[in-house]
Amino acid sequence: MMAAQQNHYRGELRHDEPMSRHTSLRAGGPAEHFYKPLDLDDLSLFLASLGTDTPIFWFGLGSNLLVRDGGLPGVVISTAGIFKQLERIGDDKVRAGASVACTQLARQCIRWGLGPSEFFAGIPGTVGGALAMNAGAHGSETWDKVKSVRTIDRHGVVRERTPEQFVVAYRSVTGPAQEWFVEGLFEFDTDAEPSMEKMKAMLARRKDTQPLGLPSCGSVFRNPPGDHAARLIESCGLKGYRVGGAEVSEKHANFIINRDNALASDIETIIQHIQQTVRDTHGIELQCEVRIVGSAAK
């Protein structure tokens, strides 16, 4: 797998690491190799040590991820312990590392009086994940605020890039191949008064309407134009639909919860059943917001 010796890098390397320990769904097979770098320099050294044919999977909080039961080949890079910088730059900009929780970004921007920033509190996961999928909430999207980003490629080279170098759409971001986000520079409006009360109201609404106490991946499907995935799923009578240990939430139809030691295959079977039922009933093709990766169990 690696051309260099392990003593050339300083992080923690595990083998056959169960991804069920790391994803918010608490399901999924093992990573062939799982690396936790100490810092950016260590990560660069580790990436440079990998063979050019080694698959690399970038991993943050695992809040929007389903790893199939057969697991992931190659190396999973876990960045949860690094890229946590959060600082104000000048009057209206904020630099946030890829591992900063979006709720933390929202709270700090409000303290600094920078807005509109409250919507970040409605995004589960980290800044890196939000950048990767143009995550959004309450009518706003991550890339509306991006001034620039820093990335790292599979050879450990760090670059600064502008939004013009990416194709950004609803819940979709396409950029240079084999590069991952290290941090984002966000630009806000000092004249837009952010509100801690508004953010708290958003979080309270999320708590009231979503099954936050149970393992899930957040919203499973993107909202189709002019409609809501949850409404379509509920109208098909699929709340409470269960396969194995996985179940469509009774509280929010666009959530699948791990009720009882669900397999990834249980969850994926429900996803496919929802898509087929909504297609047959409404003629609408629901697109997954959750990222499904890895191979099926043998």
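Once you reduce the range 102-163 and the range 23-72 to the center of their Cα atoms, the two points are 21 Å from each other. Dividing the summed -39500 (n - 2.57) terms of all DSSP H runs of n ≥ 4 by the residue count of the chain sets its mean residue ellipticity at 222 nm at -7000 deg cm²/dmol. Compactness check for the range 212-293: Cα Rg over 2.2 N^0.38 Å is 0.99.
In Å, the Kirkwood hydrodynamic radius of the chain over pairs of distinct alpha carbons? Intermediate values should be presented prior to the final figure.
Values: mean 1/r = 0.0498 Å⁻¹.
Taking every pair of different Cα atoms in the chain, averaging 1/r and inverting gives 20.1 Å.
Please compute the contact order of the chain in relative form: average sequence separation of alpha-carbon pairs under 8 Å and at least six residues apart, divided by the residue count, as a percent.
19 percent
The smallest convex shape that holds all Cα atoms of the range 55-193, its convex hull, gives 110 Å³ per residue.
The magnitude of the dipole of the chain, with charges of +1 and -1 set on the Cβ of Lys/Arg and Asp/Glu and taken from the Cα centre, is near 500 debye. Taking a straight line from the alpha carbon of Lys207, these aspartates and glutamates sit under 17 Å away, with near neighbours fewer than eight places off in the same chain left out: Glu118, Glu197, Glu250. Maximal additional length on extending the Leu212-Lys298 stretch stands at 27.7 nm, based on 0.36 nm per residue less the C-alpha distance. Considering the range 6-78 at the alpha-carbon level, its Rg and Dmax are found to be 12.1, 34 Å. Across the range 212-293, Cα pairs under 8 Å and at least six residues apart give a relative contact order of 35 percent.
Taking all Cα-Cα distances within the range 28-134, those exceeding 24 Å account for 34%.
Relative contact order, percent, of the range 86-187 when contacts are C-alpha pairs under 8 Å separated by at least 6 residues?
The value is 29 percent.
Here the average projected area of the convex hull drawn through the C-alpha atoms of the range 148-298 stands at 12.9 nm².
What length, rounded to one decimal in nm, is gained on full extension from Ser140 through to Glu87, with 0.36 nm per residue of separation minus their alpha-carbon distance?
Working: separation 53, 0.36 × 53 = 19.08 nm, distance 2.18 nm.
Additional length available on full extension: 16.9 nm.
What you get for the range 86-187, charging only the Cβ of Lys and Arg (+1) and of Asp and Glu (-1), is a dipole of about 180 debye around the Cα centre.
The numbers here are math on the coordinates, done by the rules we state, and not lab data. Predicted model, so just to flag it, every value in this text is computed and none were measured. All Cβ positions, even for glycine, are placed from backbone atoms using ideal geometry, and neighbour counts span all protein chains on display.
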